[in-house]
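The values are calculated or read from the model by the stated rules, or taken from the named source; none is laboratory data. Predicted model only: the values in this text are computed from it and were never measured. Heads up, the Cβs are rebuilt from the backbone with ideal geometry, glycines too, and the neighbour counts pull from every protein chain shown. Note: areas computed on protein heavy atoms with side chains; ligands, DNA, RNA excluded. Shrake-Rupley method; radii C 1.70, N 1.55, O 1.52, S 1.80 Å.
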Amino acid sequence: MDGWFPDEQVGKAVAKQGPSGWTARLGDTLIFLVMLSSFYQRSTPGVSQPVLFDLVLILCMGFYFMLGLKFPRGLAWPVALWGCVLAGYGIGGMTAMYVDEVTDFIKVSTYLVCAFIFFTSYVFEAPEHRLKLMFNGYVVGAVCAALAGIGGYFGLIPGSDSFTLFGRAMGTFNDPNVFGPYLIPPALYLCLRLSTGKSAKALLLVPFIGVLVLGILLSFSRGAWGSFLLSGGIFIGLTLATSRSTAQSLRLIVFSGFMGLMIVAIVGVALSTPKIQALFQQRASLTQDYDVGEEGRFDSQRKAFMMSLERPLGIGPEQWAIINKLDTHNVYLNILVGGGFLAGLGFLAFLGLTFVAGKRAVFANGPGQEYLIIAYACIIGHMAEAFIIDVNNWRHLFVLFGMTWGCILAAKAQASAPPRRTPRVSHIATGFAG
């Protein structure tokens with residue numbers, strides 16, 4: 001890979017034979033529809049309901065496994081750690097007060113782990129082609145969701161109130177705090193495409209980047225804002241660190257400056273609206289009224305940690321919010337108090353393994369490196385945000401996990417593959433070539 005330009009030959013030695021012909025085209029179409037359908041994730045609040053994304057994904061999973069999609073070697077460890085998380089939920093749920101909540105939560109969590117396994121196996125077979133396909137579908141879906149949120153916020157579409165919550169854009173989601181982070185990976189992907197564009201046509205991507213950035217801003221999610229800045233910084237840093245060309249590094253630096261000015265311009269224009277300015281000043285504060293105080297978010301987190309010490313096996317998932325009348329708004333404490341130390345340590349071990357193995361894969365120059373950097377950077381940003389919000393049931397997070405682990409295992413397979421022998425060229429052949 002030269003800089004962050006894809007090397008089409010990378011990974012061919014480790015890629016498996018997937019579907020071909022019409023089955024390959026059908027498979028690509030299904031995956032594109034899966035990612036496109038992710039734009040709509042609205043359901044009845046408090047009720048576990050499948051959305052269109054889930055239905056299309058289940059169909060897609062069945063299609064690929066029917067055609068022989070295999071689990072890559074090395075997947076056992078991350079799956080085993082997720083198994084610890086699910087086992088912790090089950091053990092804690094044995095003494096839970098609200099058993100129905102436990103059952104629903106474990107079903108959803110198991111489904112998301114299965115989705116992670118599928119996306120990892122799918123990406124592993126052909127990282128370069130499949131990640132590009134997934135991100136293209138993701139971009140279309142994210143732009144649709146962002147337009148719904150922006151249109152709803154400014155009252156430009158019928159039923160605008162249904163696309164906002166408490167004056168914040170949430171688009172086709174239930175919560176602005178999920179809507180905002182969902183837009184971050186496709187925004188970085190478009191930045192990648194713009195920075196590597198070889199013609200003026202790449203500038204056509206600028207309006208779509210602007211739509212996604214404005215959607216993130218209007219979500220008024222402090223976590224999304226911070227995650228976007230952190231993920232973007234890691235993306236730029238890792239891309240520069242893996243660049244092999246001074247010219248390409250300079251190009252990214254110039255592009256980063258351009259994007260910085262563009263974001264400042266978008267924020268500046270948006271803040272010229274009194275409605276946005278007032279809410280921005282309120283949300284820009286590090287703490288809100290509901291964060292502090294005896295019944296605030298931080299006090300709830302303290303109580304949850306103390307409960308986890310009293311009940312090391314956990315009290316069962318989805319119990320603390322009912323008992324305490326307020327959720328932890330911290331995924332680490334949420335898993336710990338619900339599934340005990342088995343689930344909590346299993347989750348931390350999975351993240352630690354992902355961070356370490358992901359970093360190695362980034363610098364291994366493996367297949368799909370440029371897309372891996374995006375997914376890896378966004379995972380770090382999301383898990384930093386997880387200190388102030390529960391992210392364990394975000395569908396797009398498990399897609400990112402699958403993207404990352406597919407590339408991790410592909411890079412390992414490439415490193416362990418025997419070196420390809422260069423065919424000997426005869427003097428006669430070189431003579432004709434000359």
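Computed over all pairs of different Cα atoms, the Kirkwood value for the hydrodynamic radius of the chain is 22.9 Å. Comparing Ala357, Ala145, Ala377 in a Gaussian network model of the chain, where Cα atoms under 10 Å apart are tied by springs, the biggest mean-square fluctuation is seen for Ala357. Each label point was placed 7 Å from the Cα along the Cα-to-Cβ direction; for Val264 and Ile157 their separation is 3.2 nm. Based on the alpha-carbon gyration tensor of the stretch 37-87 and its eigenvalue square roots a ≥ b ≥ c, which shape applies: rounded if a/c is under 1.5, prolate if not and a/b is larger than b/c, or oblate? It comes out oblate by the Cα gyration axes. Rounded to whole numbers, the Karplus 3J(HN,Hα) couplings from phi for the stretch 312-325 are x, 8, x, 9, x, x, 6, 8, 4, 4, 6, 5, 8, 6 Hz, using 6.51 cos²θ - 1.76 cosθ + 1.60 with θ = phi - 60°, and x at Gly and Pro. If you take the square roots of the eigenvalues of the alpha-carbon gyration tensor of the stretch 52-159 and sort them as a ≥ b ≥ c, do you get rounded (a/c under 1.5), prolate (a/b over b/c) or oblate? Cα axes put the stretch 52-159 in the oblate bin. The accessible surface of the stretch 73-161, taken with every protein chain in place and a 1.4 Å probe, is 69 percent carbon and sulfur.
Taking 25 Å as R0, compute the FRET efficiency from the Cβ-Cβ separation of Lys70 and Thr110 and round it to 0.05.
0.75
Taking the accessible area of the stretch 220-260, probe 1.4 Å, and keeping the other protein chains in place, the carbon and sulfur fraction comes to 73%.
Of the peptides 148-158, 132-142, 70-80, the order by per-residue mean of other Cβ atoms within 10 Å, starting with the highest, comes out as 132-142, 148-158, 70-80. Scanning the chain for DSSP H helices at least 27 Å long along the axis (C-alpha atoms) with a Kyte-Doolittle mean no lower than 1.0 picks out 99-125, 222-241, 246-271, 331-362.
The spacing between the stretch 140-197 and the stretch 240-264, judged by their C-alpha centroids, is 25 Å. When +1 charges are put on Lys and Arg Cβ atoms and -1 charges on Asp and Glu Cβ atoms, the dipole computed for the stretch 55-208 relative to its Cα centre reaches about 740 debye. Calculated [222 nm] ellipticity per residue, helices only, for the chain: -22500 deg cm²/dmol; basis is -39500 (n - 2.57) per DSSP H run with n ≥ 4, divided by all residues, nearest 500. A probe of 1.4 angstrom, applied to the heavy atoms of all protein chains, finds Thr29 with accessible area near 70 square angstrom. Under the convention that each Lys and Arg Cβ holds +1 and each Asp and Glu Cβ holds -1, the size of the dipole of the chain around its Cα centre is about 1620 debye. Probing with 1.4 Å while keeping every protein chain in the model, the per residue accessible area of the chain equals 46 Å².
If you run the Gaussian network model on the chain, springs between alpha carbon atoms under 10 Å, then out of Ser231, Ser20, Ser308 the most flexible one is Ser20. Sorting Cys144, Cys191 on solvent-accessible area from highest to lowest, probe radius 1.4 Å, gives Cys144, Cys191.
Packing around the peptides 411-417, 34-40, taken as the average count of other Cβ atoms within 10 Å per residue, puts them in this order, highest first: 34-40, 411-417.
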